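Only one structure is covered here, and it is reproduced in the block below.
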Amino acid sequence: MDDQLDALAGEPVPTLTLSPDLGDEPLVAVEEEEAAVPVASLDEELLSDDERRQVDAFAKQVDLADSALVLSYGAGAQKKMADFSQSALEKVRTQDLGEVGELITDVVGELRSLEVGEERGFLGIFKRGASRVEALTAKYDKAENNVNKIVGHLKDQQLTLMKDAKILDKLYDLNLTYFKELTMYILAGRKKLEEVRSGQLAELAAKARATGRTEDAEAVQKLTAACDRFEKKLSDLDLTRTIAMQTAPQIRFVQNNEMLMVEKIQTTVVNTIPLWKSQMVLALGIANADAAVRAQTTVTDMTNDLLKKNAEMLKTSTTQIARENERGIVDIETLKVTNESLIQTFDEVMQIQQEGRAKRAEAEAELRAMEAELRKKLLEVRG
């Protein structure tokens, strides 16, 4: 496309010619119109003194009686404008600012992905700090790698956009040249048209009215038709000029959009990414400090719990030892129980002895009775 622009930029200043190079494109005749179309005046202040002199000189060369000249008048400028429009169209077609927006969105997505969840639960007290730092570091490394790749693409896009901005500057300058060139064609044509209508045509009309001859009337009609065709040609050139005038701000709009994206990329690369990296360094430092604080807090809490438990165990043990130390070899309650048991034993033994003596006495009495009865029976048998 640069080659096309360089070719189009071969004539950096407006040039007027009656023999335009139209290539192989055929000339198309313009249909005549019955009524002349009034044309608004153009501001010659847009032209330099040299360009105004060029317009005056060129107007004198125009011959409205030459049909071929009228047909090709300004066609060269129109062809340049057509080629320019095609180049501009190709530039817009190849422009893809959406890709830059997607790349920047990808950067934002990578930065937002660095949200590390916190493990919960008592068993994760020591594990939590270390795993959180490891997870954050791993995510940072992954995100940094992806961001660096995206930044590489963004820089490439930035260079492309900056080149495009220069191309658009060329397009703008070319458009301005063609705008001036069309303006000069129109001004020269209108000067010639006014000159012919007020001079040659007026003279022919006066002559035809005076003579009443048919050939004079036909000459008036022929020249009037030529003026009308030329006026229509100027009107077409004016439409092309309007397109050129509208194209200028459109080029600037596109160029402005590209420069905005260049600035956005610059901000992302120069400000956002370094700021993100510095914040990640701080985040990792804070995470490490937090992990250390958590570990220290855990150790302190466990130490306090251990001291409390040991103190409670010491209290219980000491109290128990003191109680045991103050106890006698045999508790008084034990002696009471033993004494009562001995007394009951003695009572039971004495009762058993008494019962034994009573039973022995009864037995002895029975033995005496049995012995007496036996003696009695023996005496009876002997007698």
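Could we say that Leu284 is surrounded by fewer than 12 Cβ atoms within 10 Å (Cβ to Cβ) and either in contact with a Lys or Arg (Cβ under 6 Å, 6 or more places away or on another chain) or assigned by TED's automatic domain parsing to the domain that holds Leu182 (or both) here?
no
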Original post:
Just to be sure, is Leu168 within 23 Å of Glu51 (Cα to Cα) and either buried (at least 17 other Cβ atoms within 10 Å of the Cβ) or among the β-branched types (Val, Ile, Thr) (or both)?
Top reply: no
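Yes or no: region 296-305 includes at least one residue that is loosely packed, with under 10 Cβ neighbours inside 10 Å, among the polar types (S, T, N, Q), in a helix (DSSP H, G or I) and free of Cβ contacts under 8 Å to residues at least 24 places away in the same chain.
We begin by selecting, within region 296-305, every residue loosely packed, with under 10 Cβ neighbours inside 10 Å; these are none.
Checked against the condition, which is being loosely packed, with under 10 Cβ neighbours inside 10 Å, among the polar types (S, T, N, Q), in a helix (DSSP H, G or I) and free of Cβ contacts under 8 Å to residues at least 24 places away in the same chain, region 296-305 yields no hits at all.
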Subject >> Single residue of Asn339, Asn325 found to be among the polar types (S, T, N, Q), over 53 Å from the mean Cα position of the chain (by Cα), part of a helix (DSSP H, G or I) and surrounded by 10 or more Cβ atoms within 10 Å (Cβ to Cβ) >> reply: Asn339
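In region 40-68, what residues are assigned to a helix (DSSP H, G or I) and at pLDDT below 80? Give the steps one after another, and end with the answer.
Start the filter on region 40-68 by keeping residues that are assigned to a helix (DSSP H, G or I), which leaves 44-46, 49-61, 67-68.
Once the filter is applied, which keeps residues that are assigned to a helix (DSSP H, G or I) and at pLDDT below 80, region 40-68 yields Glu44, Glu45, Leu46, Ser67.
The values are calculated or read from the model by the stated rules, or taken from the named source; none is laboratory data. Values in this document were obtained by computation on a predicted structure and should not be read as measured data. We place every Cβ from the backbone using ideal geometry, glycine too, and count neighbours over all the protein chains shown.
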